[in-house]
Amino acid sequence: MLYHLYQVNRSLSQPVRWAADMIEEFYGSPVNPLSATWFGKSVAASAEIISRLTRNYGKPAFGLDTTVVDGHEVGVNEEIVLRKPFCQLIRFHRDLRGLAPRHDPRVLVVAPMSGHFATLLRGTIEALLPEHEVYVTDWVDAREVPLTKGKFDLDDYIDYVADFLRYIGPDAHAIAVCQPSVPVLGAASLMAADDDPMQPRTITLMGGPIDTRISPTVPNDLAMRNSMMWFRQSVISSVPFGFPGFMRRVYPGFLQLTSFITMNLDRHINAHVQQFEHLVKGDGDSAEGHRQFYDEYLAVMDLTAEFYLQTVQVVFKEHLLPRGLWISRDRTIDPRAISKTGIMTVEGELDDISGIGQTRAAHDLTPNVPADRHMHYEQKGVGHYGIFNGRRWREQIMPRVRDFIRANERHAAASGLQVAALRPRSTPTRLQDAAAPVSQTPLG
């Protein structure tokens, strides 16, 4: 019923959006003398904001058409290399014809399935592309998947990650952004227990809820305050008629978006007030930056109910992974089985989604990984989003992730493990040598 009411509300808002579009076009037209006045600019700015707030936002494009490799601009093509009902694996193929041969590490970026599309990681992928072969998990909106395709839960998520790693090959590296830190560590644990030759060379966990008993945040408190029955009755709904996933039980994306916005309501209100001021002043660059951010932020997808509810129970309520009690398909997930995979964790000082220490807990769970293949980095002055996007990601975090991956490639080569030959680089010879004096800490 909740989803149906939402769709009715969206339909009823269409006339408002049409009217706002016409008002914006009228008062923003250069042939209208009022467009140059404060009154005309104010009306046009208000109409644009109303139009954007009532708009339906579809899945954005990655839009990564080029990158720079060794100082040369090269083309980038998106290739869907593997399709599954609830996800497709995308490779960002760089056209390196005419350049010296390269053997860059292959990296699987595991995007969160938490309401936003994988395109939210556009900046993450863009920064990695010059020096890595990048793959990303492009999750499918659950309302677009027919019931005949079956279910998708946390166990399926683990299976998908393992399948993707096996597809990419034995020297792959995984980067998990936020929520997938748990299933990625789970997949690595099961692959290690099987001595799977395709287990990842490294996993980098960024702002992930490995142990939410540490520094609990507002989302963590919400999970602990409410029963599983409350979640089933309050936030789960059926996909309405008109979508391929009609009648599928889902956690709607608009509910997740609402929770994100209400956590920082003042910030979003201020952002739209500033957008109004930018439009009135004619500050086109700032106004366009606002549009691009919210085009991405307001585009949301539904999650299957079984995945959402199992995640709440396993990760946020019962803490089964850090307690050593997590069972997936009748197998205990034991991170102590991991010994050949380097572990890096990244946290943001101001993260209000995954508190400080929650991700770092992964190191305590993997004692059989050699001490010099553990790395933790805490970025000062950034929140959750800043861990994987923006200037701090590009200039501070990504170079450390890159060096960690390269150092593990050298370790594998020295150990006689299968690894692609790498071009010489001026990077540290030991993992701990890459550490910054204060904020980056080798563990053990």
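The values are calculated or read from the model by the stated rules, or taken from the named source; none is laboratory data. This is a predicted model, so every value here is computed, not measured. Counting neighbours? That spans all protein chains shown, and the Cβs are built from the backbone with ideal geometry, glycine included.
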Under the condition of being under 14 Å from Ser238 (Cα atoms) and not in a helix (DSSP H, G or I), which residue from region 125-148 is farthest from the chain's Cα centre (by Cα)? Pro146
Tell me which residues, restricted to region 208-232, are within 19 Å of Leu325 (Cβ to Cβ) and in contact with a strand residue (DSSP E or B) (Cβ under 9 Å, 6 or more places away or on another chain). Gly208, Ile210
Read through the list (1) of a type in the set (A, V, I, L, M, F, W, C); (2) modelled with pLDDT of 95 or more; (3) within 24 Å of Ala192 (Cβ to Cβ), then give the number of the only condition that Met398 fails. (3)
Out of the residues in region 101-115 that are under 17 Å from Pro209 (Cα atoms) and not in a strand (DSSP E or B), which is farthest from the chain's Cα centre (by Cα)? Gly115
Given the condition buried (at least 22 other Cβ atoms within 10 Å of the Cβ), under 30 Å from Gly150 (Cβ atoms) and at pLDDT 95 or above, answer yes or no: does some residue in region 125-133 qualify? yes
List every residue pair whose Cβ atoms sit under 6 Å apart, with the two residues 6 or more apart in sequence or on different chains, where the first one lies in region 48-69 and is closer than 30 Å to Glu133 by Cβ and the second, anywhere, is hydroxyl-bearing (Ser, Thr, Tyr) and modelled with pLDDT of 90 or more. Pro60/Thr119; Phe62/Thr119
Out of everything in region 50-65 that is part of a loop (DSSP other than H, G, I, E, B) and modelled with pLDDT under 65, what residue ends up being surrounded by the most Cβ atoms within 10 Å (Cβ to Cβ)? Thr54
Starting from region 381-409, take each residue that is within 20 Å of Ser181 (Cα to Cα) and list its partners that are in a helix (DSSP H, G or I) and aromatic (Phe, Trp, Tyr), counting only C-beta distances under 9 angstrom and pairs at least six apart or across chains. Val382/Trp393; Gly386/Trp393; Ile387/Trp393
If Asn408 meets every condition in (1) out of contact with any helix residue (DSSP H, G or I) (no Cβ under 6 Å at 6 or more places or on another chain); (2) part of a helix (DSSP H, G or I); (3) at pLDDT 95 or above apart from one, which number is that one? (3)
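Going by what's in this entry, would Asp196 be described as within 20 Å of Arg83 (Cα to Cα), at pLDDT 95 or above and either part of a loop (DSSP other than H, G, I, E, B) or charged (D, E, K, R) (or both)?
Numbers: within 20 Å of Arg83 (Cα to Cα): no; at pLDDT 95 or above: yes; either part of a loop (DSSP other than H, G, I, E, B) or charged (D, E, K, R) (or both): yes.
No: the conditions fail for Asp196.
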Across region 337-372, what is the total count of residues that are in contact (Cβ under 8 Å) with a residue 60 or more places away in the chain, touching a Ser or Thr at 6+ places or on another chain (Cβ under 7 Å) and more than 21 Å from Met206 (Cβ to Cβ)? 1
Step by step: first the residues of region 66-94, then only those that are modelled with pLDDT of 95 or more and not in a strand (DSSP E or B), then the one that is farthest from Ser29 (Cα to Cα). Which residue is that? Pro85
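Being assigned to a loop (DSSP other than H, G, I, E, B) and assigned by TED's automatic domain parsing to the domain that holds Asn389 narrows it down to one of Ile353, Ile343, so name that one. Full working, then the answer.
Values: Ile343 fails: assigned to a loop (DSSP other than H, G, I, E, B).
After applying the criteria, what remains is Ile353.
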Those residues of region 337-352 which are under 27 Å from Asp221 (Cβ atoms) and surrounded by fewer than 23 Cβ atoms within 10 Å (Cβ to Cβ) amount to Glu349, Leu350, Asp352
Can you confirm whether Arg122 is closer than 26 Å to Trp393 by Cβ, charged (D, E, K, R) and either assigned to a loop (DSSP other than H, G, I, E, B) or at pLDDT below 95 (or both)? yes
